[in-house]
Every structure is written in C-alpha cells, then in structure tokens.
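Taking it in order: structure first as structure tokens, then the write-up.
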Amino acid sequence: MIQTGFMQNALLAGIMISVVTSILGTFLVLRKLSLIGDGLAHASFGGIAIGLLIGINAYITGLIVAVLGSIGIYRLMEKAKAYGDSAIALILSTGMAIAVVVISYADGFTTDIFSYLFGSILFTSTFDLYIITTVFVITVAYVGLFYKQLVYFSFNKELASLQGRKHSISQNVFVILIALAVVISIRAVGILLVTALIVIPPLTALQISSSFKESLIYSVIISVSSMVLGITLAYIWDLAPSGVIVLTMIGFFLLTYLYDILES
C-alpha cells in the first residue's frame, strides 16, 4: 500500500493537514470559535464554484474567498461588535449563496462537485502537496514565533491587546492561516466535514491534558493518528476516506471520554 504513489501523497498530505488543523483548532476551541471552520469551508464553496466556472484551479479561488471570509468574520467581530456565531453565519450564507447562483448559471459542472463536498485525499496531486506543504511550514513557523501572543489572546484578550502592533500582526496572520487550513482540509475530508478536523482532536486532547502545551501535543498526536489510521482503513475496506477519518477521530474522543469518566 505504501509503495503506491497516490497513497504516499495522501498520507503525506494528511499528516501535514492534521498538524495544521489540530494546532490552530486548539486555539479556536479555547476562544469558543469552533464553528469558524465550518463557516469558512462553506464560504470557500462560492470561490470553488467561481474557479470551476472560469477555468481556474478551484482551490486557488476557494482560498481567496476563504481568506476574505476569515478577515470579514474578524472585522465583524471587532468593529461591528457582532457575536462570533452571527458573523460566521453571515459569511457562510454569503459564500453558499454565491455557489448556488454560479452553479445554476453554469447549469452544473462536468467536474465531480462531490469531491469538494466530501473530500478526495486519495487524489492529492503534486500541486496540492506544494500548497499544503507551504501552509504547513508557515503555520509551524507562525505558532513558534507568536506562541505567547496566541496563548494570551486565548485566555485573556485584554492582556493580549496591550501588546499593541505585535498583537495586531499576530491576529491578522492568525485569521488568514485559519482560512488556509480550512481550504487544504477540503482536500482531505471535504467542505461538509472540515469542522471535525479542527474541533474533535483539540476537544479530545483537552479531556486528558493537564496543561496547554500538553493539549497542543496530544491534539497533534490524536489528529495525525486518526488521519493515518483512517486513510489506511479506507484503503483496505474500499470506503470513503473522509468519513472513516472523522469516525476514527470520534472513536478516539469516545475512548478518552470513557477514560475520563472512569478516572473520576
């Protein structure tokens, strides 16, 4: 199985996606913005539809729309004083409305739209790997550079804001990275299941960790393990990888939940 090129691409892409989403997801869960991934994934669908219509790589146009959507959510929450879930709902609705209009205008597409809705990690191309690797490197470097600011903002927004310009730069980069993480995750599990990659591993890790650093480490381990195991089982059983990956994550969550109950 490992000797086949498409499986090598799938596993490599899956591992990098898992690291990115589990790290950023930990901060999002603590900030009570777990559904932002779902909102941006649905918003990016509008960009994907535009890309398919005009003949540009759909992930590129989806990425552009997701970045604009993430900035829009952040600005609405900061300037318009909109609640997080309300801002997410607004951006989500806008993206999906664009997708519906574009698809109806084009009278459907010859491209299999289900690959974007449900994921197709086994068809990861070399170009996809370049994009995923770039996002992976940027995310790891960013978290290493702005780790303290991210922790401060997750637990004490007022204290973080006292950092001034450095805090502003950190937040702007963070919202863009979320968009990047969401779009590369669409390749793995599709638009409909992106939230699972962002929320389930951190939620699982928080049940068994005793510190923030532990939760980050456990989140990455759980996410990567679920991704590799899910892809492997999907290949062996000839099932949809996205569903198996998410169910594997849920399995880890249930195990830690039962362990926590027994320990208490």
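Please work out which residue is nearest to Thr21 (Cα to Cα), limiting yourself to the stretch 200-209 and to residues that are crowded, with 23+ Cβ neighbours inside 10 Å and of a type in the set (Val, Ile, Thr).
Per the stated criteria, the residue is Ile200.
Pairs, please: C-beta under 6 Å, at least 6 apart or cross-chain, first residue among the hydroxyl-bearing types (Ser, Thr, Tyr) and in the stretch 240-252, second at pLDDT below 95?
Ser242/Phe118; Ser242/Gly119; Ser242/Val189; Ser242/Gly190; Ser242/Leu193
When only residues in the stretch 110-119 that are more than 15 Å from the chain's Cα centre (by Cα) and not in a helix (DSSP H, G or I) count, which is nearest to Ile48 (Cα to Cα)?
Quick first cut of the stretch 110-119, residues more than 15 Å from the chain's Cα centre (by Cα) only: 110-115.
With not in a helix (DSSP H, G or I) added as a condition, the list becomes 110-113.
Values: Thr110: 14, Thr111: 11, Asp112: 12, Ile113: 9 Å.
Going through the qualifying residues, I end up with Ile113.
Among the listed residues Arg31, Arg75, identify the single one that is at pLDDT below 90, closer than 30 Å to Phe212 by Cβ and more than 17 Å from the chain's Cα centre (by Cα).
On inspection, the qualifying residue turns out to be Arg75.
Looking at (1) over 30 Å from Gly5 (Cβ atoms); (2) touching a residue at least 24 places away in the same chain (Cβ under 8 Å), find the lone condition where Ile261 falls short.
Evaluating Ile261 over (1) over 30 Å from Gly5 (Cβ atoms); (2) touching a residue at least 24 places away in the same chain (Cβ under 8 Å) leaves (2) as the failure.
Of all residues in the stretch 137-183, which are among the β-branched types (Val, Ile, Thr) and either in contact with a Lys or Arg (Cβ under 6 Å, 6 or more places away or on another chain) or modelled with pLDDT of 90 or more (or both)?
Matches in the stretch 137-183: Val137, Ile138, Thr139, Val140, Val143, Ile176, Ile178, Val182, Val183.
If the requirement is being over 30 Å from Ala205 (Cα atoms) and among the basic types (Lys, Arg), which of these qualifies: Lys32, Lys79?
None of the others qualify; the one that does is Lys79.
Got at least one residue in the stretch 122-145 being more than 19 Å from the chain's Cα centre (by Cα), under 18 Å from Ala41 (Cα atoms) and either touching a residue at least 24 places away in the same chain (Cβ under 8 Å) or surrounded by 13 or more Cβ atoms within 10 Å (Cβ to Cβ) (or both)?
Checked against the condition, which is being more than 19 Å from the chain's Cα centre (by Cα), under 18 Å from Ala41 (Cα atoms) and either touching a residue at least 24 places away in the same chain (Cβ under 8 Å) or surrounded by 13 or more Cβ atoms within 10 Å (Cβ to Cβ) (or both), the stretch 122-145 yields no hits at all.
Against the definition (within 25 Å of Ile98 (Cβ to Cβ), touching a Gly at 6+ places or on another chain (Cβ under 9 Å), at pLDDT 85 or above and crowded, with 21+ Cβ neighbours inside 10 Å), how does Gly37 come out, yes or no? Walk me through it before giving the result.
Numbers: within 25 Å of Ile98 (Cβ to Cβ): yes; touching a Gly at 6+ places or on another chain (Cβ under 9 Å): yes; at pLDDT 85 or above: yes; crowded, with 21+ Cβ neighbours inside 10 Å: yes.
Judged against the criteria, Gly37 is a match.
Looking at the stretch 75-86, I want the residues that are closer than 15 Å to Lys32 by Cβ and have a partner that is of a type in the set (Gly, Ala, Ser) and at pLDDT below 75 with Cβ atoms under 8 Å, at least 6 apart or on another chain. Which pairs are those?
Within 8 Å, the pairs are Met77/Gly84.
If I go through the stretch 169-194 residue by residue, how many of them are among the hydroxyl-bearing types (Ser, Thr, Tyr) and buried (at least 23 other Cβ atoms within 10 Å of the Cβ)?
Qualifying residue count for the region: 1.
From Ser215, Ser223, grab the single residue that is assigned to a helix (DSSP H, G or I) and over 12 Å from the mean Cα position of the chain (by Cα).
Ser215
Please identify the pairs in which a residue from the stretch 1-14 that is closer than 12 Å to Tyr235 by Cβ has its Cβ atom under 7 Å from the Cβ atom of a residue that is of a type in the set (S, T, N, Q) and crowded, with 19+ Cβ neighbours inside 10 Å, counting only partners at least 6 apart or on another chain.
Between residues of the stretch 1-14 that are closer than 12 Å to Tyr235 by Cβ and residues that are of a type in the set (S, T, N, Q) and crowded, with 19+ Cβ neighbours inside 10 Å, the close pairs are Ala10/Thr124.
The values are calculated or read from the model by the stated rules, or taken from the named source; none is laboratory data. Just so you know, these numbers come straight off a predicted model, no measurement behind them. Quick reminder, even Gly has a Cβ in these numbers, built from the backbone with ideal geometry, and neighbours come from all protein chains shown.
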